[in-house]
Protein chains: 2
Amino acid sequence: MNVIELKKKYDEYKAMNLKLDMSRGKPSAEQVSTMERLLTAVQKNEDCFSETGGDCRNYGGLDGINEMKRLFGEMLGVTSDYIIVGGNSSLNLMYDTVARSMLHPVEDGCKPWSKYEKISFLCPVPGYDRHFAICEYFDINMINIPLYDDGPDMDMVESLVASDETIKGMWCVPKYANPLGCSYSDETVRRIASLRPKAKDFRVFWDNAYVLHDLTDTPDSVLEIFHEAEKYGNEDMFFEFASTSKITFPGSGISCIASSPRNIKRILNALKVQTIGHDKLNQLRHSRIFRCYDDVVAQMKVHMNIIRPKFDIIYEAFDKGFEGIENVSWTKPNGGYFFTLSLPEGTAKRTVELCNEAGLVITPAGAMFPYGKDPEDSKLRIAPTFPSCEELSKAAELLTVCARLAIAEKNA
Amino acid sequence: MNVIELKKKYDEYKAMNLKLDMSRGKPSAEQVSTMERLLTAVQKNEDCFSETGGDCRNYGGLDGINEMKRLFGEMLGVTSDYIIVGGNSSLNLMYDTVARSMLHPVEDGCKPWSKYEKISFLCPVPGYDRHFAICEYFDINMINIPLYDDGPDMDMVESLVASDETIKGMWCVPKYANPLGCSYSDETVRRIASLRPKAKDFRVFWDNAYVLHDLTDTPDSVLEIFHEAEKYGNEDMFFEFASTSKITFPGSGISCIASSPRNIKRILNALKVQTIGHDKLNQLRHSRIFRCYDDVVAQMKVHMNIIRPKFDIIYEAFDKGFEGIENVSWTKPNGGYFFTLSLPEGTAKRTVELCNEAGLVITPAGAMFPYGKDPEDSKLRIAPTFPSCEELSKAAELLTVCARLAIAEKNA
């Protein structure tokens, strides 16, 4: 189809007055409805006690109840003493961890980050917009690191952290990284675990958001980070984050931070000023539903069966819609909530514009890059989970039309 | 009784191997058990929607669901646009508000607090140890302000904030202040509402923790602060905090911050970097149980009936135990969770020591003062709510013996 034909097709879609939203990695109503039993997991006063006898209705329990710490430990492959259970949001834990580091030293003998003239974070790109928003909010300079199929460009990472003392942190989504969906290879994990940063107060923010979120029967497997880091004396260099937001209820799940027992002690010392404790009743609900790790895995299969067909619908539409179009490709991850569509340089923004005008909201072009700037203007994040299959099919078709129109306009 | 007789009596208590804890303002198991219906307030998938149709299981809703905003508005006497609903901890909201102010200006044209060489908070004393802990954590200098029956020493407050630009904040517990139990008079509230601080970024932290927590049928009444502040163009000067921790479940309640619509907008702008939203299911549970303000008031009567006899037990024991002892007095508040025992100068610490040795944990002497220093070493915080009536009676008797022994030792 030439520009005129594409424009005609596009106008047909526009005339439908669609209202489609494929912008966020949000579980669908169907997914959250599979967790109805969580609502009634604790119903009676006498059920409100943790395994150690603690009254989960009352104050206390800064680090969380034992059974929830153990469960997160099993999910992440660490023991309970590496875990602090949080509230409903792992993003909030990441924010808090950065905020705390701004005003209090993360390591003995160092200054709080806000007392340095300039500090920087390494940001594998494309990446997660909310990570970048935290950096921007705290005025932390962001340095783009290319993200490949097997993880960040480690030559670049190693040389930067070894030579630049202003580099205090690095964002990592080691498994099914948002938005590519790739996972870090064993070699990548080992190279991160063995980094020799110039800054003693350099920390890796290991956001294991999709640790159990497989989409195929050949899932990726990523090395457990603390086990690797220990070999190099680097256990204190990592803060790991996870949550049940995409396992149970996105808005009412449970989050956790995992770190070395030494860091956990430091965090608890600060945390006790911040709160008397997080919501233990919700922790109890979760641990009543998930008696062990296998119960969680079973729930993840339920999610997989709902989500996977949605990815497939878009892959099919893309196969068809982009047939014969040059310089268009997309990732096909084994898990997670996203994949990435690569378009010819300079066409991503225009594609999003066309989508929006026709009633399809997708993640803004550039959002997966620090400061919202995709240097090549070529990457789009595709988030298939929230819409229904019918909506998705329409959204994917429309997206291909918009992208092809944008490409045709550019080539015209 | 002389020292020897008191010592003998004390040793009798010691021999009982008591284990009593009267240290914290914690609701009793009996109190929290009155809220069993909250556990089952939302049981089905189809019940999980807010009045505007939002799915409370899923992401979103940064400022809280409408019905919970309205309820907090009614509790505090403001409209919903003054409210952001938080997580389970108002302490966490206060911490966050201070932390945010440290790194981002609270007012246009001002610096973040951490960029000043020195900043100070006014701290009415005796006061709440966790307020002081936040200041200490952020290295905020604390200035003691005497707290009287009708509120803080306002001559001192007015003259300090008008002349000292380093003063950026003030803690206030306007109703049933922890630990005296006094409430601010109308004149005090008006004088606070009309303060003319030298620092444009001065803020009052109005911790309305006990806004509905009456203990008698002649409760105190405190003026609504934003209504008063508006008259002086000072609406932006206040952050108010409240929660249902001592209404429903201490560990699984709902908190809120109230402020001027202008401040609310500023806070939301920052909050969106911190979290995708707080636990809306728990908000929904609360608003299903509390359909209106009167439902909350009814629940507070239930608490009153459980708590009030506990205060009375201690008053009686004190009446008896301290009969004829000079320079001993105690407050008798109309609400809240605490009252204060005043002992002769230099005997509070020793009293606590004696209590602890005999198996009674009470709030450490000095804890109600910045840096843990009661300049007169004379005040003890009494927290009657958590122990059973039987335990309380024993604890109160033992406390009188310890205090009298401490006094006798000092006079010996």
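The values are calculated or read from the model by the stated rules, or taken from the named source; none is laboratory data. Note that the structure is a prediction, hence the values are computed from the model and not measured. We place every Cβ from the backbone using ideal geometry, glycine too, and count neighbours over all the protein chains shown.
Any idea which residue in the stretch A:202-230 is surrounded by the fewest Cβ atoms within 10 Å (Cβ to Cβ), counting only those that are outside any loop (DSSP other than H, G, I, E, B) and among the aromatic types (Phe, Trp, Tyr)?
Only one residue tops the list, namely A:PHE205.
Quickly run through the stretch A:114-133 and pick out the residues that are in contact with a strand residue (DSSP E or B) (Cβ under 9 Å, 6 or more places away or on another chain) and aliphatic (A, V, I, L, M). Spell out the reasoning first.
So in the stretch A:114-133, the residues in contact with a strand residue (DSSP E or B) (Cβ under 9 Å, 6 or more places away or on another chain) come out as A:116, A:118-129, A:131-132.
Across the stretch A:114-133, the qualifying residues are A:ILE119, A:LEU122, A:VAL125.
Residues B:ALA199, B:ALA133, B:ALA177: which one is in a loop (DSSP other than H, G, I, E, B), closer than 21 Å to B:LYS26 by Cα, at pLDDT 95 or above and assigned by TED's automatic domain parsing to the domain that holds B:ASP108? Even if it seems obvious, please write down each step before you answer.
Working: B:ALA199 fails: closer than 21 Å to B:LYS26 by Cα; B:ALA133 fails: in a loop (DSSP other than H, G, I, E, B).
Just a single option satisfies the conditions, and that option is B:ALA177.
Say we look at the stretch A:33-70 and pick out the residues that are aliphatic (A, V, I, L, M) and closer than 19 Å to A:VAL211 by Cβ; which of these is farthest from the other protein chains (Cβ to nearest Cβ)? Reasoning before the result, please.
At the first step, the residues of the stretch A:33-70 found to be aliphatic (A, V, I, L, M) are A:35, A:38-39, A:41-42, A:62, A:65, A:68.
Now restrict to residues that are closer than 19 Å to A:VAL211 by Cβ: A:35, A:68.
Working: A:MET35: 7, A:MET68: 13 Å.
Here the answer is A:MET68.
Just to be sure, is B:GLY73 within 8 Å of chain A (Cβ to nearest Cβ), under 20 Å from the mean Cα position of the chain (by Cα), surrounded by 15 or more Cβ atoms within 10 Å (Cβ to Cβ) and at pLDDT 95 or above? Working first, answer last.
On the way: within 8 Å of chain A (Cβ to nearest Cβ): no; under 20 Å from the mean Cα position of the chain (by Cα): yes; surrounded by 15 or more Cβ atoms within 10 Å (Cβ to Cβ): yes; at pLDDT 95 or above: yes.
Against the criterion (within 8 Å of chain A (Cβ to nearest Cβ), under 20 Å from the mean Cα position of the chain (by Cα), surrounded by 15 or more Cβ atoms within 10 Å (Cβ to Cβ) and at pLDDT 95 or above), B:GLY73 does not qualify.
Residue-by-condition table, conditions (1) outside any helix (DSSP H, G or I); (2) within 14 Å of another protein chain (Cβ to nearest Cβ); (3) more than 30 Å from A:TYR13 (Cβ to Cβ):
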site	(1), (2), (3)
A:ILE267	no, yes, yes
A:SER287	no, no, yes
A:ARG308	no, no, no
A:GLU323	yes, no, no
A:ASN327	yes, no, no
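Of all the residues that make up the stretch A:169-201, how many are at negative phi, crowded, with 23+ Cβ neighbours inside 10 Å and in contact (Cβ under 8 Å) with a residue 60 or more places away in the chain?
Count: 8.
Mind counting the residues in the stretch A:356-365 that are closer than 18 Å to A:PHE132 by Cβ and surrounded by fewer than 20 Cβ atoms within 10 Å (Cβ to Cβ)?
1
For the stretch A:230-238, state whether one or more residues are in contact with a Lys or Arg (Cβ under 9 Å, 6 or more places away or on another chain) and basic (Lys, Arg).
Yes, some residue in the stretch A:230-238 is in contact with a Lys or Arg (Cβ under 9 Å, 6 or more places away or on another chain) and basic (Lys, Arg).
As an exercise: evaluate B:HIS286 against (1) assigned by TED's automatic domain parsing to the domain that holds B:PHE205; (2) without any contact (Cβ under 8 Å) to a residue 24 or more places away in the chain and give the number of the one condition it does not meet.
(2) is the only condition that B:HIS286 fails.
Of (1) within 13 Å of chain A (Cβ to nearest Cβ); (2) at positive phi, B:ASN17 satisfies all except one. Which?
Result: B:ASN17 passes all but (1).
If A:ASP139 passes every condition in (1) surrounded by 23 or more Cβ atoms within 10 Å (Cβ to Cβ); (2) out of contact with any Phe, Trp or Tyr (no Cβ under 6 Å at 6 or more places or on another chain) but one, which one does it miss?
(1)
How about the stretch B:28-43: which of its residues are in a loop (DSSP other than H, G, I, E, B), out of contact with any Lys or Arg (no Cβ under 6 Å at 6 or more places or on another chain) and touching a residue at least 60 places away in the same chain (Cβ under 8 Å)? Spell out how you get there, then give the answer.
Filtering the stretch B:28-43 down to residues in a loop (DSSP other than H, G, I, E, B) leaves B:28, B:34-35, B:40-43.
Those still in the list that are out of contact with any Lys or Arg (no Cβ under 6 Å at 6 or more places or on another chain) too: B:28, B:34-35, B:40, B:43.
Passing the criteria: B:SER28, B:THR34, B:MET35.
List pairs: first in the stretch A:115-131 and within 14 Å of chain B (Cβ to nearest Cβ), second hydroxyl-bearing (Ser, Thr, Tyr), Cβ under 7 Å, 6+ apart or cross-chain?
A:TYR116/A:THR166; A:ILE119/A:THR166
Going by the structure shown, is A:PHE49 aromatic (Phe, Trp, Tyr), over 22 Å from the mean Cα position of the chain (by Cα) and at pLDDT 95 or above?
Numbers: aromatic (Phe, Trp, Tyr): yes; over 22 Å from the mean Cα position of the chain (by Cα): yes; at pLDDT 95 or above: yes.
Answer is yes for this residue.
Among the residues of the stretch B:143-174, count how many are more than 18 Å from B:PHE338 (Cα to Cα) and either among the charged types (D, E, K, R) or part of a loop (DSSP other than H, G, I, E, B) (or both).
Total meeting the criteria: 7.
If you go through the stretch A:88-97 one residue at a time, do you hit one that is of a type outside the set (D, E, K, R), more than 14 Å from chain B (Cβ to nearest Cβ) and either in a helix (DSSP H, G or I) or in contact with an Asp or Glu (Cβ under 6 Å, 6 or more places away or on another chain) (or both)? Give the derivation first.
Here is the first cut: in the stretch A:88-97, the ones of a type outside the set (D, E, K, R) are A:88-95, A:97.
Adding the requirement that they be more than 14 Å from chain B (Cβ to nearest Cβ) leaves none.
No, the conditions are met nowhere in the stretch A:88-97.
Considering the stretch A:248-265 alone, what residues qualify as being more than 13 Å from chain B (Cβ to nearest Cβ) and either over 24 Å from A:HIS227 (Cα atoms) or in a helix (DSSP H, G or I) (or both)? Walk me through it before giving the result.
Initially, the stretch A:248-265 is screened for residues more than 13 Å from chain B (Cβ to nearest Cβ), giving A:256-265.
Across the stretch A:248-265, the qualifying residues are A:PRO261, A:ARG262, A:ASN263, A:ILE264, A:LYS265.
Could you run through the stretch A:101-114 and say how many residues are part of a helix (DSSP H, G or I) and either more than 8 Å from chain B (Cβ to nearest Cβ) or among the aromatic types (Phe, Trp, Tyr) (or both)?
In the first step, residues of the stretch A:101-114 are kept if they are part of a helix (DSSP H, G or I); the result is A:101-103, A:113-114.
Cutting the leftovers down to either more than 8 Å from chain B (Cβ to nearest Cβ) or among the aromatic types (Phe, Trp, Tyr) (or both) gives us A:101, A:113.
Summing the residues that are part of a helix (DSSP H, G or I) and either more than 8 Å from chain B (Cβ to nearest Cβ) or among the aromatic types (Phe, Trp, Tyr) (or both) in the stretch A:101-114 gives 2.
Within the stretch B:360-386, how many residues are over 19 Å from the mean Cα position of the chain (by Cα) and more than 27 Å from B:PRO146 (Cα to Cα)?
Qualifying residue count for the region: 1.
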